Structures are given as structure tokens and as C-alpha cells.
């Protein structure tokens, strides 16, 4: 299994295996017990180990990398982050670039081998991101550069435009930060819609107050709201606004309509109610962010 072509076959089979597992998962997340290994052509292949970088026996390249879940407010053991270019950074194991695990990521970089990035979103629960690619390395910072598109192999070697950087940053946030953001927001709101108190997790979203397409749309709890699918869509399209003091406002266009029980009970009756927010002050939605977002609602109302 030393040749890179053979390793590519295993990776393709692994991606298909993970996709099958995700179809069976109600939220697309996988438990640690499900991702330890899989069978390829009758042989067991170790997919994830306790260490962050997994290089199975007989492989030259790493098959997966892992970032473990860190509870809100705690400091993670490794500080993975996004660089100024928008790409995700993944820290070495230790500081020695010649450690076998670090060499296995370098092999992936040199041979263009895709791998799985297991992102911890709850204890022993992971969001599998694949294919992920190692596209560069910064030995001075003891870290590798991770991308989620094979085209990005050429990007760090060229001068990127601001538009390209913005796109890469948005993609990184969508793939890496959004799953953690969702879990932390839903946990803070006790898996309950802040508007209507709906409690079915599969039909809840973590909505951004300042949109994630905005460079200031940080994936943090203070910039989030737990909303059911309907109220999230209404919020995104300015049919529903939220004041800085947590009062729900429904668009005058909807208030003037008559269109059945869903409109009446799901939206119109929400006008003027108080948002249900977390008890801890540090987890409550930012009033300044709500004020900025509510201005967009007011402008939409003024346009009619």
C-alpha cells in the first residue's frame, strides 16, 4: 500500500464509506465508534486513532487529521486557525517537522493525496470533511495549510485577489467553523427555537446575526440565534426582524396578508414577543450586532 496510486484507491473507498454512514445519520455527524476503521478489499484499514494525525500501517501518507472538541470558553490543546489568506492551518504534532506523522502530511502535500478532516463538534462526535488537501507548510509556525478544493494547490503560490481571498475564507468558515458554530449555538439555546420554542433538533438551524458572507460575520455564539427552519428563512429575508432588546418584529407586508394557519400562527402571532435567549450573559446575542442587522430590516420595510 506504499504507492500513492494505491493510496488514492483507499481514500476514494473511504469517502464513499463515510458518505454512506452520513446518509444513515439524522444530522450528518458521525460518532467516534463509527469511524475507527473500515474494510477495504477484505482488509481492515484504521481511519482514526487517538492522535491528531493518522497514518495507518503500510501507508506513506496520512489518511485523516482530527481536531478534538473543545467546550466553549476553554483553550484547545492545538490552536488551529484560519490564516490571512483564508486557508485553514493545522498544527504539527509537536514541533519536530521530521516526526513520522508530520512527514505523512508532507507526503500528502507532495503527492496531492486527499484525506479526511474529522472536526470534533461534541464529545466523541465528529463532522467529517472530505476531501481535504494539504497545500502548503509553514515550518516557522509548525503548521500545514489545509484547503477543501484541489484547485487550491496553485493558489498560495500566486497573488490572490481580494475576491479570491474572500471566497476562500467563506469556504473555510462553511466547512470548518459552521459545524462547531451550529453545535455551540444549539447547545446555548437548549436546542429550542428562540422565536417559537420549537424543539426538534433536525429542524433547527444556527442563524448568523451578521451574515457569514460578511467578513465580520464571526462564527461565535454571540453572533448566533437558534431558529427553526421557517423563522431562519424569514430572518434571512427580512420578513422577521429582531430589535437590540430582543423583541421580534414581523414585516408589515406579512401582517397585512391572510393566507392560512401557518402565516397566522407561525409568523403573525410572533410579532412583538420577546426572544428566548440563554441565561449566561456571554452567550446572549450581541445587541450591537442585532442593531446592525435590524437596520437592514427597517430599510426593507421602508422599501415596502
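Per-structure values
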item	result
Rounded, prolate or oblate (a/c below 1.5 giving rounded, otherwise prolate when a/b exceeds b/c) for the stretch 187-303 by Cα gyration tensor	oblate
Estimated [θ] at 222 nm from DSSP helical runs (n ≥ 4, -39500 (n - 2.57)) normalised by residues in the chain, nearest 500	-9000 deg cm²/dmol
Antiparallel bridges, percent of DSSP beta bridges restricted to the stretch 4-168 (to nearest 5)	85
Helix axis angle, 4-24 relative to the chain longest principal axis, alpha carbon, degrees	30
Protection proxy ranking of 113-123, 95-105 - average other beta-carbon atoms within 10 Å, highest first	113-123, 95-105
Nearest 10 degrees, 0 to 90: helix 100-111 Cα axis against the chain principal axis	80
Rounded if a/c under 1.5, otherwise prolate or oblate - the stretch 1-139, Cα gyration tensor axes	oblate
Helix 178-188 axis, angle to the chain major axis (alpha carbon atoms, nearest 10°)	50
Spatial separation of Cα centroids for the stretch 12-64 and the stretch 173-191, in angstrom	23
Gyration tensor over alpha-carbon atoms, the chain, equivalent ellipsoid semi-axes in Å	41, 21, 17
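No lab work stands behind these numbers, since they all come straight from the coordinates. The structure presented is a predicted model; accordingly, all values stated were derived computationally and were not measured. Here the Cβ is made from the backbone with ideal geometry for all residues, glycine too, and neighbour counts use every protein chain on show.
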